[in-house]
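None of the figures in this text is laboratory data; all of them are computed from the coordinates on show. From a predicted model like this one, the values you see are computed outputs, not experimental measurements. Ideal geometry is used to build each Cβ from the backbone, glycine not excepted, and the neighbour counts take in all protein chains shown.
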Amino acid sequence: YNPCCSLPCMNSGVCVLVDQNYECDCTATGHYGKNCETGNKLFRPSRNSLHHLMTHYAWVWKIVNSISWLQKKIMRTVLNVRTKFVQEPSPYVGMSEYPTWNNYINKSVYARSLPPIPRHCPTPMGIKGPTVLPDIEVLSKLIFQRNNFEPCPMRTNVFFAFFAQHFTHQFFKTDPKKGIPFQWGDHSVDLSHIYGDTLAREHSLRMHIDGKMKYSTQNGEMFPPLTSEANVTMSGERLMKGRKFAIGHPGFAAIPTFFVISTLWLREHNRVCDIMKELHSDWDDERIFQTARLILTGETLKIIVEDYVQHVSGFHFQLKYEPEVLHGSDFSYHNQIHSEFQLLYHWHTLLPDFLKLGDSIYTLKELLFNVEPVVNAGMETVLKQLSEQFAGKVRGRNQGPELIAVAELSIKQARELRMYPFNKYRERFGLKPYETFEELTGEQKLASVLRDLYHDIDALEMYVGFFVEHRRYRQVLGETILEIGAPFSLKGVFGNPIGSPAWWKPSTFGGEVGFNIIKTTNLKKFVCRNVKGCPDISFKVPENVKYKSVEKNVEKGAGIADIL
Ligand code: HEM
């Protein structure tokens, strides 16, 4: 068989066939040796030691956070260390096994960090593990299916879950017709989910007066415009119940939480336009619109780093969105979405089976294409309710019945992509491969189930590995999801053009006032200034709210993936 089937090359070395044998091309990997296994011998603390340091010793971090130059120095180091794991431009795109020009220029395909496993190997995972991968339904039952809802130990709330979904769906846009690895997005935080992915859609959503976006007033509150007023189509329009609203992302009619968060951004856009209009009475509609969009991009990035990533990391070290810390370095302002990032972000276990909105409890399915509960209860009530409901733990055996089919689809997609095994990905991202299933899971029973299914720890599928890994202290996500996700996430945020030296200055954002909106925003302020009553929102359930399960009796029916 093809000797590259043993996936021998480490540290991004490239496997090449030479006379029935393999060689690893270690050029520019910083490693050498037959398998590019030997590298810089300098002492480097393990990721676990670093994680331990960042998540303990709160008093030390309090001091560090208060010393500006030290905080910036550590932030710069975090960014440099993390983002170096993302090769750019990636030689691998879609299903390409080697670099090609055609793939490089094709932006309608996700890139990837490791090539597909070669075809025609002794086993689907190369040379290790069973000759046929475990049945997806069996995996779903044994590894993913939820019996009892397990809340997130870090008190993550469902507002976080929906914020994550809203934010990421501006750049995770798998083409529904062609399927993975094809996509229809721009690979960046471009706010296309607010403003539309085409110029035509953007113009349909704009008022063309003072830079503002169209809106409608329902029950005395500002909401997105009705589809009849904006003349844009939303996917699944025939399934929409009650009022039909027009949003930048055509898929955002699917669940009402997209609508909630889109409403917040719409209000913020129009608020910022008022400020710009006041400051620049000579500016036309176009200039106010464009500047407001850039300010909202900056606000998004600030909230993502300082509220969202901060929460996910569990760090006592304060993360900051200050792009200037990278100026003068060789950091590149460009981003490409990778299939691995898309797959690891399937955090559907965050979702409980039921949501309380207004006075009623709904299954997720009952909320599909149904914004009426939000409009009727009002934004203040709904936001408070979302922030007080516990999200689920991101781990196996916690995927609700209505979304279990999405996990099955993800395993299928990862197989179609011929993803390298979990341990190979750990090694690719500088983590020590696990030696046993027990070490991976931290428990005997699950370890033995996995051993029966995969025979060898080195044959465990990447997607499954993400969800069976034990959880570290103060951690919303498993080590591997976090350590592979962080480089992509930080590259995506800090690689945005607005943070580059030529852009990151007051004049880009309409002067000091606009620049300061970005620099001083945070999640609480963003919600408070756009919602009557200023609800106090964070990504955690407030400490005074005890976990209580939300339940109702439901009949079993079709899963959500069958409907969408
Ligand atoms: C994809 C449903 C919430 C992350 C999908 C898919 C469905 C779905 C049906 C397509 C599956 C496929 O074809 O692969 C839902 C529903 C939700 C929900 C009904 C809420 C009620 C979430 C949340 C996250 C999330 C909270 C967390 C970040 C993703 C990602 C994808 C995805 C990253 C891939 C998107 C793409 O590549 O286009 N979801 N999901 N979803 N979901 Fe969710």
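Scanning the chain for cysteines with no neighbouring cysteine C-beta under 4.7 angstrom from their C-beta gives CYS152, CYS273. Under 17 Å of direct C-alpha separation, and excluding same-chain neighbours fewer than eight residues apart, LYS178 reaches these lysines: LYS107, LYS412. Between HIS120 and GLU443, the FRET efficiency from the beta-carbon distance, with R0 = 30 Å, is close to 0.25.
Based on the Cβ-Cβ distance from ASN21 to ARG451, what FRET efficiency comes out when R0 is 25 Å, to the nearest 0.05? FRET efficiency, ASN21 to ARG451: 0.20. Rounded, prolate or oblate: pick one for region 459-563, where a ≥ b ≥ c are the square roots of the eigenvalues of its C-alpha gyration tensor, a/c under 1.5 means rounded, and failing that, prolate if a/b is larger than b/c, else oblate. Because a/c hits 1.5 or more and a/b fails to exceed b/c, region 459-563 counts as oblate.
For the listed residue pairs LYS84/LYS302; LYS356/LYS524; LYS173/LYS384; LYS244/LYS365; LYS356/LYS552; LYS173/LYS214, the alpha carbons are over 20 angstrom apart in LYS84/LYS302; LYS356/LYS524; LYS173/LYS384; LYS173/LYS214.
Summary value for region 28-160: 10 percent relative contact order, contacts being C-alpha pairs under 8 angstrom separated by 6+ residues. Annotation for HIS203 and TRP101: the two label points, set 7 Å from Cα along the Cα-Cβ direction, are 3.5 nm apart. In the distance distribution for region 44-161, Cα-Cα pairs more than 16 Å apart total 80 percent. Taking region 283-327 and a reference point 7 angstrom along Cα→Cβ of ASP210, the backbone N atoms nearer than 14 Å belong to 283-286, 288-289.
Based on Cα contacts under 8 Å between residues 6+ apart, the chain shows a relative contact order of 21 percent. Just how far, in whole angstrom, is region 341-414 from region 37-113 if you go by their alpha carbon centroids? With region 37-113 and region 341-414 each reduced to a Cα centre, they are spaced 30 Å.
When the alpha carbon gyration tensor of region 1-112 is reduced to an equivalent ellipsoid, its three semi-axes come out at 37, 20, 11 angstrom, largest first. Roughly what % of DSSP beta bridges within the chain run antiparallel, to the nearest 5? Roughly 90 percent of the DSSP beta bridges within the chain come out antiparallel. Placing a label point 7 Å from the Cα of PHE182 along the Cα-to-Cβ direction, the residues of region 236-252 with a backbone N closer than 19 Å are 236, 250-251. Entry note, the chain: the mean residue ellipticity at 222 nm calculated from DSSP H runs of n ≥ 4, each adding -39500 (n - 2.57), is -11000 deg cm²/dmol after division by the residues and rounding to the nearest 500.
Using θ = phi - 60° in the Karplus curve 6.51 cos²θ - 1.76 cosθ + 1.60, the 3J(HN,Hα) couplings for region 266-276 round to 4, 4, 5, 4, 5, 5, 5, 4, 4, 5, 5 Hz; x is entered for Gly and Pro.
Cross-link reach is defined here as a Cα-Cα straight distance under 12 Å, omitting same-chain residues fewer than 8 places apart; for LYS505 the aspartates and glutamates meeting it are GLU322, GLU324. For the chain, the fraction of alpha-carbon pairs lying more than 48 Å apart is 10 percent, rounded to a whole number. Neighbours of ILE295 by Cβ distance under 11 Å: Lys/Arg scored +1, Asp/Glu scored -1, total +2.
Between SER507 and ASN553, the contour length at 0.36 nm per residue exceeds the alpha carbon distance by 10.9 nm.
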